[in-house]
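Enquirer: Take this structure first; my questions come after.
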Amino acid sequence: MPLNIDVQQILLHLFNLVLLFGILYILLYKPVHDFMDKREEEYRKRDRDTKDALSDAEKLKGEYESKLAEAEKETALERARTSAAAEAEREKIISDAHNRASSIVEDARDKAQKEHDRLIARAQTEIADYVAMAAEKIVMKDEGLHDDFDSFFEKVQDTDRNSDNG
Amino acid sequence: MDAKSRKRFIIIWAVILLIILIGAVLTTDPAQEEEPIRTIMKDAVLHEHSKVNFLWFGPVNPAVISAYTVTFIIFIFALFVRVFAIPRFKDQPGRFQLLLEQAVGIFDGLAVSNSPHRHAFLGAYVFTAGTYIFVGTMFELLGVLVPATNGGYIALPAPLADINGAICMGVFSYSVILSGGIAGNGFKGVLNTLKDFSLPISMSFRLFGALLSGALVTELVYYYMTTSFIIPVFVAVMFTMLHALIQAYVLTMLTALFYGEVSERHPADQDTAALNKV
């Protein structure tokens, strides 16, 4: 053939090439490629695991934040409830204190009234005694009787008026 | 003329004589003593005379021996790597592991980027082709001598500097592209691949021409004694390394590119297939 082309030699080269392909594929290409793939897969897995862990952590963080918010809400509610109860208790105590104060004042007023009445009664008794004594003295002396009697009655009336106002 | 001047004259005269003598030796026409350059160049291209006996297949081009030698070297290397290096691979690679991972990663990346939809087989093939072209071309530098059928010795060339080796590589690559077309698009993939019927020829002859030109330039440089000093370091080593890398990249890149193109399923076909399924 022209250019010394020889089919047998082409086939010999082809045999050699196919042989070399098998050798290189089995001994070099596939093991190295597999190792690289395995390493890449390992790194991908690590990356995936890290992302999963991160996502779990984010989820957990969200849950904790939500629980925290709920707890804060409950605490605020409880605080409001306690505050309302305390306010009611305070109101009650104040009201009781007012009631007691009113009762004390009322008692005091009653006592004062009674004392007043008692003093008035006593004063009246004493006055009557004084009047009787004075009348006795006047009757016994018998001078200016008419004027003294009038002034006596005026004094008695003034005394009554003053005690009513007081 | 005093003694000092006479001594200086004798030294200059001797140096001039030596230079002329060296010039006369270096400019000897090798064609008068050895094979003419035309015969050597023609034989480097066609291998009509310099053949080597290979097992029971009889005389073959020396590139066949080169091909099997390269495969043997790669096999031994791969075996050692598989047995001693790969089981000790770590997640944080050392230098050698990094080199191997880079080699596999580059070809795998080439397959993935050019044919993202189908690349498992393509990655393995371009890795093999790239390794074979690179190691085979670098093998030429060793200059391993083997006995030729004409009685002399011949230095083994690069496996792909032989037209048969280059045709084999071109046709095999084309077959891989065709297989991708069939796997991806069935009969339409075959038509897509056959549309580029000139591909195996262009791939074969590009490879053959590139590697052969390197070999011919090296032959030329070594043929004359005057160019046999210092220059071969650049021509042989640097040029060989350069075109080993370039050709490995070009062939693998073209294969991956065409493979991706013919095996890609077009949206219109997918829609039709989905409709048919419905």
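The values are calculated or read from the model by the stated rules, or taken from the named source; none is laboratory data. Note that this is a predicted model, so its numbers are computed, not measured. We place every Cβ from the backbone using ideal geometry, glycine too, and count neighbours over all the protein chains shown. Areas reflect the complete protein model, heavy atoms only, side chains present, ligands, DNA and RNA absent. Shrake-Rupley method; radii C 1.70, N 1.55, O 1.52, S 1.80 Å.
Enquirer: Share of Cα-Cα pairs in segment A:2-165 beyond 22 Å, in percent?
Expert: 80 percent
Enquirer: Here is a follow-up. With every protein chain left in place, what is the accessible area of A:Arg122 in Å² (1.4 Å probe, nearest 10)?
Expert: Accessible area, nearest 10 Å²: 130 Å².
Enquirer: Now for a separate question. Given a 1.4 angstrom probe, what's the average accessible area per residue across chain B, in square angstrom?
Expert: Averaged over the residues of chain B, the accessible area is 56 Å².
Enquirer: So which residues of segment B:129-176 lose at least 30 Å² of accessible area, probe 1.4 Å, when you go from the chain by itself to every protein chain present?
Expert: At a threshold of 30 Å² (probe 1.4 Å), the residues of segment B:129-176 that become less exposed are B:Tyr132, B:Ile163, B:Asn164, B:Ile167, B:Cys168, B:Phe172.
Enquirer: Using Cα springs under 10 Å in a Gaussian network model of chain B, which residue among B:Ile163, B:Ile20, B:Ile73 shows the largest mean-square fluctuation?
Expert: B:Ile20
Enquirer: In square nanometres, what is one fourth of the surface area of the convex hull spanned by the alpha carbons of segment A:85-136?
Expert: Numbers: hull surface 12.0 nm².
Dividing the Cα hull surface by four gives the mean projection, 3.0 nm².
Enquirer: With contacts defined as alpha carbon pairs under 8 Å and 6 or more residues apart, what's the relative contact order of chain B in percent?
Expert: Details: 302 pairs, mean separation 64.7, N = 278.
The normalised contact order for chain B reaches 23 percent.
Enquirer: GNM on chain A, C-alpha springs below 10 Å: top fluctuator among A:Ile104, A:Ile120, A:Ile138?
Expert: Of A:Ile104, A:Ile120, A:Ile138, the most mobile in the Gaussian network model is A:Ile138.
Enquirer: Within segment B:60-183, what whole-number % of the accessible surface is contributed by carbon and sulfur, with the 1.4 Å probe and all protein chains included in the calculation?
Expert: Exposed carbon and sulfur together represent 69 percent of the surface.
Enquirer: If you don't mind, another one. Could you look at chain A and say what percent of its accessible area is carbon and sulfur, using a 1.4 Å probe and all protein chains?
Expert: For chain A, the apolar C and S fraction of the accessible surface comes to 58 percent.
Enquirer: Is it possible to state the helix-based mean residue ellipticity at 222 nm for chain B, with each DSSP H run of 4+ residues giving -39500 (n - 2.57), the sum divided by total residues, to the nearest 500 deg cm²/dmol? What is it?
Expert: -22500 deg cm²/dmol
Enquirer: What angle, in degrees between 0 and 90 and rounded to the nearest 10, separates the Cα long axis of helix B:95-114 from the longest principal axis of the Cα atoms of chain B?
Expert: That works out to roughly 50 degrees.
Enquirer: I've got another one for you. So, how do all the Cα-to-Cα distances of the protein assembly as shown break down into 20 Å bins, in percent, from 0 on up?
Expert: Bin by bin from 0 Å, the calculated values are 16, 27, 15, 9, 6, 5, 6, 7, 6, 2, 0.
Enquirer: Right, something else. Sorted by packing (mean other beta-carbon atoms within 10 Å per residue), highest first, where do B:197-204, B:249-256 land?
Expert: Going from most to least packed, we get B:249-256, B:197-204.
Enquirer: So, one more: Which residue fluctuates the most in chain A, going by a Gaussian network model with Cα springs under 10 Å, if the choices are A:Lys114, A:Lys38, A:Lys59?
Expert: For chain A, modelled as a Gaussian network with Cα springs under 10 Å, the answer is A:Lys38.
Enquirer: Please turn the phi angles of segment A:113-125 into ³J(HN,Hα) values with the Karplus equation 6.51 cos²θ - 1.76 cosθ + 1.60 (θ = phi - 60°), one per residue in order, whole Hz, x for glycine and proline.
Expert: 4, 5, 4, 4, 4, 4, 4, 4, 4, 5, 5, 5, 4
Enquirer: Can you give me the Cα centroid spacing of segment B:78-155 and segment B:170-187 in angstrom?
Expert: Segment B:78-155 and segment B:170-187 have Cα centres separated by 23 Å.
Enquirer: While we're looking at this one, here's another question. Check which residues have an amide H placed less than 5 Å from B:Ile154's amide H, if you skip close sequence neighbours.
Expert: So B:Ile154 has HN proximity to B:Val146, B:Ala148.
Enquirer: In segment B:83-105, what residues drop by 30 Å² or more of accessible area when the other protein chains are put back, versus the chain on its own? Use 1.4 Å, and skip ligands and nucleic acids.
Expert: In segment B:83-105, residues shielded by partner chains: B:Ile86, B:Phe89, B:Asp91, B:Glu101, B:Val104.
Enquirer: Taking only the Cα atoms of segment B:42-272, how large is their convex hull per residue, in Å³?
Expert: Details: hull volume 35.9 nm³, N = 231.
Measuring per residue, one finds 155 Å³ for the Cα hull of segment B:42-272.
Enquirer: Sequence-distant or interchain residues sharing an amide H contact under 5 Å with B:Asn53, placed H: which?
Expert: B:Val60, B:Thr149
Enquirer: Determine the residues within segment A:10-27 where the difference in accessible area between the chain on its own and the full set of protein chains amounts to at least 30 Å²; count protein heavy atoms only and use a 1.4 Å probe.
Expert: At a threshold of 30 Å² (probe 1.4 Å), the residues of segment A:10-27 that become less exposed are A:Ile10, A:Leu12, A:His13, A:Leu14, A:Asn16, A:Leu17, A:Leu20, A:Phe21, A:Ile23, A:Leu24, A:Leu27.
Enquirer: Follow-up question, since we're still on this one. For chains A and B, what's the summed buried accessible area, probe 1.4 Å, to the nearest 100 square angstrom?
Expert: Roughly 3700 Å² of accessible surface disappears when A and B pair.
Enquirer: Express the accessible area of segment A:1-128 per residue in Å², computed with a 1.4 Å probe while the remaining protein chains stay in the model.
Expert: Normalised by residue count, the accessible surface of segment A:1-128 is 77 Å².
Enquirer: Taking a 1.4 Å probe, which of B:Arg8, A:Arg118 shows the most accessible area, and what order do the others take after it?
Expert: Ranking B:Arg8, A:Arg118 by accessible area, largest first, yields B:Arg8, A:Arg118.
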